[in-house]
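For reference, the structure is listed below as structure tokens.
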Amino acid sequence: MSENGAPSSGSGVEEPGDEAGLPATLHVAGLALRRTESPPSLACWSGCFPRPAGTDPAGVSLVIEPAAPPEESTLRLAHDVVSRFDAFVEQALEYCRIRLREPHFALTVEELSWLDLPELPLAVPGATVWADRTWAVHFAESRFRLADPYGILVTFDGTQPVDVQGLDDEQ
């Protein structure tokens with residue numbers, strides 16, 4: 001890691017994992033991401049943020065397809081996401097507050113009223129960073145019908161949210 005905590009060339013990667021050349025652990029902005037079981041075509045590392053008792057759990061995953069060690073540019077993006085996770089979650093929530101009012105989401109009158117609450121009914125945030133340098137905040141729990149059964153995904157382009165979608169069996 002460099003002095004500012006950003007990954008530097010070759011750093012952030014620890015001991016080799018089970019697969020040749022795939023590390024068992026990645027250190028990203030002070031968060032340890034451990035290699036998780038995944039199909040052979042993928043390499044996935046996940047970690048959870050330490051959170052105060054009584055707050056939603058939150059985590060980050062890094063997914064590489066086809067399976068390979070992450071490139072420096074992907075590690076830099078993961079570093080940015082981890083370093084600013086809470087701010088990105090807040091951005092995603094505000095984006096949902098605006099976008100979910102659009103008619104094509106077909107929210108009920110009751111669901112539309114939830115958008116005016118101080119806290120949206122979206123919980124258990126997590127971020128996923130993909131090797132193509134795209135990433136998203138996923139809210140695993142929500143009372144919104146469009147979140148049934150797998151939650152709501154807010155996709156980012158760099159630091160800006162650009163799309164929101166409910167996750168169902170087809171996705």
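Structure values in brief
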| read-out | value |
| --- | --- |
| Point-to-point label distance, residue 37-residue 141, nm (Cα→Cβ direction, 7 Å offset) | 2.5 |
| Virtual paramagnetic centre 7 Å along Cα→Cβ of residue 132, amide N under 19 Å, in the range 52-95 | 61-78 |
| Rough spin-label spacing in nm, given labels placed 7 Å along Cα→Cβ, for residue 24 and residue 117 | 4.3 |
| Percent RCO, i.e. relative contact order, over the range 97-153, from Cα pairs under 8 Å lying at least 6 residues apart | 25 |
| All Cα pairs of the chain, percent lying beyond 23 Å | 42 |
| Longest DSSP-loop-exposure-free segment, GluC sites (Glu not before Pro), the chain, at most 12 other Cβ within 10 Å | 120-169 |
| Cα centroid separation - the range 62-102 against the range 105-171, whole Å | 13 |
| Between 0 and 90°, nearest 10: helix 72-83 axis offset from the chain longest Cα axis | 50 |
| Candidates per trypsin sites (Lys or Arg not before Pro) in the range 109-153, loop by DSSP, up to 13 other Cβ within 10 Å | 143 |
| Cβ-based charge dipole, the chain, positive-most Cα from 38, 124, 50 | 50 |
| Fully extended contour minus Cα-Cα distance, from residue 53 to residue 102, at 0.36 nm per residue | 14.1 nm |
| Shape of the range 61-113, Cα gyration tensor, a/c cut at 1.5 | prolate |
| Cα centre as origin, Lys/Arg/Asp/Glu Cβ charges: the chain dipole, Debye | 280 |
| Inverse mean reciprocal Cα-Cα distance (Kirkwood Rh) of the range 33-130, Å | 15.5 |
| Options 21, 87, 152, ranked by Cα towards positive dipole end of the chain, top entry (Cβ charges) | 87 |
| Fraction of beta bridges assigned by DSSP in the range 24-158 that are antiparallel (%, nearest 5) | 85 |
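Read-outs throughout are calculated quantities, based only on the coordinates presented, and are distinct from any laboratory measurement. Just so you know, these numbers come straight off a predicted model, no measurement behind them. Here Cβ is always computed from backbone atoms with ideal geometry, including for glycine, and neighbour counts include all displayed protein chains.
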